[in-house]
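Colleague: Take this structure, written in structure tokens, and hold onto it; I'll ask about it next.
Read the figures in this text as sums done on the coordinates, not as results from a lab. Since the structure is predicted, the reported quantities are computational estimates derived from the model, not experimental observations. Note that each Cβ is placed from the backbone with ideal geometry, even for glycine, and that neighbours are counted across all protein chains shown.
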Ligand code: ADP
Ligand code: AMP
């Protein structure tokens, strides 16, 4: 395996793909093994909703319906996370950017901070695969660890292996919200693939394999960068 975290090596990455393609699953492996900061806008919104903060209350209806949170709000959250500069080995943006405006704003933020993206990981999977992954997804109400009732079940049904809190189905994994999220992806997020392709940054990854094989394919791309 290539040495991906040698002395002074940093990785500034994005992971993108349709809902349920496996972004979060791969993100967990990448942040652990590359020792980089995970910036997942979806996870930040879910935590804020869980703690019933002002921001959480502001975004709750949109997130649960499967709509996007407005760009200015989302951009401000990412800006704060990047400005913290608490990522000596780099970062992985997961689920951001999702619109052209967000991508342009991200370019501005990176320029200001004198940072560059090393690559954009696109996890590809068919709609049929996504639907069965989303229908079986369960998340921990406490630590947000993700499971699947068939491909990655917890040891005790309905209970998180890591922190023993109950697992739930995300409200936006209900059928009506999934339809909206796929439509939103096709209309607003898919065009970003061309945006990053034109910059020579896009890495297409076959997300139809088991998680370890998907991960190995990503690592191979990183090694050849
Ligand atoms: P995303 O972050 O893209 O919405 P997740 O990583 O949460 O997707 O994955 C969605 C569901 O599919 C989860 O239940 C997860 O356990 C499962 N999953 C993820 N990757 C794979 C894979 N390669 N093969 C089978 N199931 C997977
Ligand atoms: P995710 O966990 O990435 O599937 O995101 C869950 C939900 O959070 C999305 O359906 C949106 O409602 C919201 N969200 C996450 N990231 C963004 C983003 N970059 N822009 C707008 N809304 C977002």
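Colleague: Where in the range 1-110 are the helices (runs of 4 or more DSSP H), entirely inside, with at least 1 residues that are under 20 Å from residue 142 (Cα atoms)?
Modeller: 23-34, 41-50, 54-65
Colleague: Take residue 198 and tell me if it is exposed (fewer than 14 other Cβ atoms within 10 Å of the Cβ), more than 16 Å from ligand 2 (Cβ to nearest atom) and over 18 Å from residue 24 (Cβ atoms). Walk me through how you get there before you give the answer.
Modeller: Details: exposed (fewer than 14 other Cβ atoms within 10 Å of the Cβ): yes; more than 16 Å from ligand 2 (Cβ to nearest atom): yes; over 18 Å from residue 24 (Cβ atoms): yes.
When the stated conditions are applied, residue 198 passes them.
Colleague: Taking residue 120 and the conditions (1) part of a helix (DSSP H, G or I); (2) in contact with a helix residue (DSSP H, G or I) (Cβ under 7 Å, 6 or more places away or on another chain); (3) within 15 Å of ligand 1 (Cβ to nearest atom), which numbered condition does it fall short on, given that it satisfies the others?
Modeller: Looking at each condition in turn, residue 120 falls short on (1).
Colleague: Considering only residues that are in contact with a helix residue (DSSP H, G or I) (Cβ under 6 Å, 6 or more places away or on another chain) and without any contact (Cβ under 8 Å) to a residue 24 or more places away in the chain, look in the range 138-154 and name the one that is surrounded by the most Cβ atoms within 10 Å (Cβ to Cβ).
Modeller: 148
Colleague: Another question, then. I'd like the full set of residues that are out of contact with any strand residue (DSSP E or B) (no Cβ under 7 Å at 6 or more places or on another chain) and more than 8 Å from ligand 2 (Cβ to nearest atom), limited to the range 90-111.
Modeller: Listed by number, the residues that qualify are 100, 101, 103, 104, 105, 106, 107, 108, 109, 110, 111.
Colleague: Considering only the range 129-154, how many residues are within 14 Å of ligand 2 (Cβ to nearest atom), in a loop (DSSP other than H, G, I, E, B) and in contact with a strand residue (DSSP E or B) (Cβ under 8 Å, 6 or more places away or on another chain)?
Modeller: Final tally of qualifying residues: 1.
Colleague: May I pose another question? Restricting to the range 32-53, name every residue that is in contact (Cβ under 8 Å) with a residue 24 or more places away in the chain, more than 9 Å from the chain's Cα centre (by Cα) and within 15 Å of ligand 2 (Cβ to nearest atom). Break it down into steps so the answer makes sense when it comes.
Modeller: Taking the range 32-53 and keeping what is in contact (Cβ under 8 Å) with a residue 24 or more places away in the chain, we get 33-47, 50.
Narrowing further to those that are more than 9 Å from the chain's Cα centre (by Cα): 33-37, 44-47, 50.
Listed by number, the residues that qualify are 44, 45, 46, 47, 50.
Colleague: Let me ask another. Could you list, in sequence order, all residues of the range 155-210 that are in contact with a helix residue (DSSP H, G or I) (Cβ under 7 Å, 6 or more places away or on another chain) and part of a loop (DSSP other than H, G, I, E, B)?
Modeller: Once the filter is applied, which keeps residues that are in contact with a helix residue (DSSP H, G or I) (Cβ under 7 Å, 6 or more places away or on another chain) and part of a loop (DSSP other than H, G, I, E, B), the range 155-210 yields 207, 208.
Colleague: Going residue by residue through the range 1-13, is there one that turns out to be in contact (Cβ under 8 Å) with a residue 24 or more places away in the chain and near ligand 1 (Cβ under 8 Å from one of its atoms)? Even if it seems obvious, please write down each step before you answer.
Modeller: So in the range 1-13, the residues in contact (Cβ under 8 Å) with a residue 24 or more places away in the chain come out as 1-2, 4-5, 9-13.
Filter once more, keeping what is near ligand 1 (Cβ under 8 Å from one of its atoms): none.
Among the residues of the range 1-13, not one is in contact (Cβ under 8 Å) with a residue 24 or more places away in the chain and near ligand 1 (Cβ under 8 Å from one of its atoms), which makes the answer no.
Colleague: Another question about this same structure. Can you pull out the residues in the range 112-128 that are surrounded by fewer than 19 Cβ atoms within 10 Å (Cβ to Cβ) and over 10 Å from residue 201 (Cβ atoms)? Walk me through how you get there before you give the answer.
Modeller: The initial filter retains those residues of the range 112-128 that are surrounded by fewer than 19 Cβ atoms within 10 Å (Cβ to Cβ), namely 112-118, 124, 126-128.
Listed by number, the residues that qualify are 112, 113, 114, 115, 124, 126, 127, 128.
Colleague: Among the residues of the range 67-100, how many are touching a residue at least 40 places away in the same chain (Cβ under 8 Å) and under 15 Å from the mean Cα position of the chain (by Cα)?
Modeller: Of the residues in the range 67-100, the ones touching a residue at least 40 places away in the same chain (Cβ under 8 Å) are 67-68, 81-82, 86-100.
This time we only want the ones that are under 15 Å from the mean Cα position of the chain (by Cα), so: 68, 81, 91-99.
The number of residues fulfilling the criteria is 11.
Colleague: On the basis of being touching a strand residue (DSSP E or B) at 6+ places or on another chain (Cβ under 8 Å) and farther than 29 Å from residue 222 by Cα, does residue 166 make the cut?
Modeller: Values: touching a strand residue (DSSP E or B) at 6+ places or on another chain (Cβ under 8 Å): yes; farther than 29 Å from residue 222 by Cα: yes.
It is true that residue 166 is touching a strand residue (DSSP E or B) at 6+ places or on another chain (Cβ under 8 Å) and farther than 29 Å from residue 222 by Cα.
Colleague: Being without any contact (Cβ under 8 Å) to a residue 12 or more places away in the chain, outside any loop (DSSP other than H, G, I, E, B) and out of contact with any strand residue (DSSP E or B) (no Cβ under 6 Å at 6 or more places or on another chain) is the requirement here; does residue 114 meet it?
Modeller: Values: without any contact (Cβ under 8 Å) to a residue 12 or more places away in the chain: yes; outside any loop (DSSP other than H, G, I, E, B): no; out of contact with any strand residue (DSSP E or B) (no Cβ under 6 Å at 6 or more places or on another chain): yes.
For residue 114, the condition - without any contact (Cβ under 8 Å) to a residue 12 or more places away in the chain, outside any loop (DSSP other than H, G, I, E, B) and out of contact with any strand residue (DSSP E or B) (no Cβ under 6 Å at 6 or more places or on another chain) - is not met.
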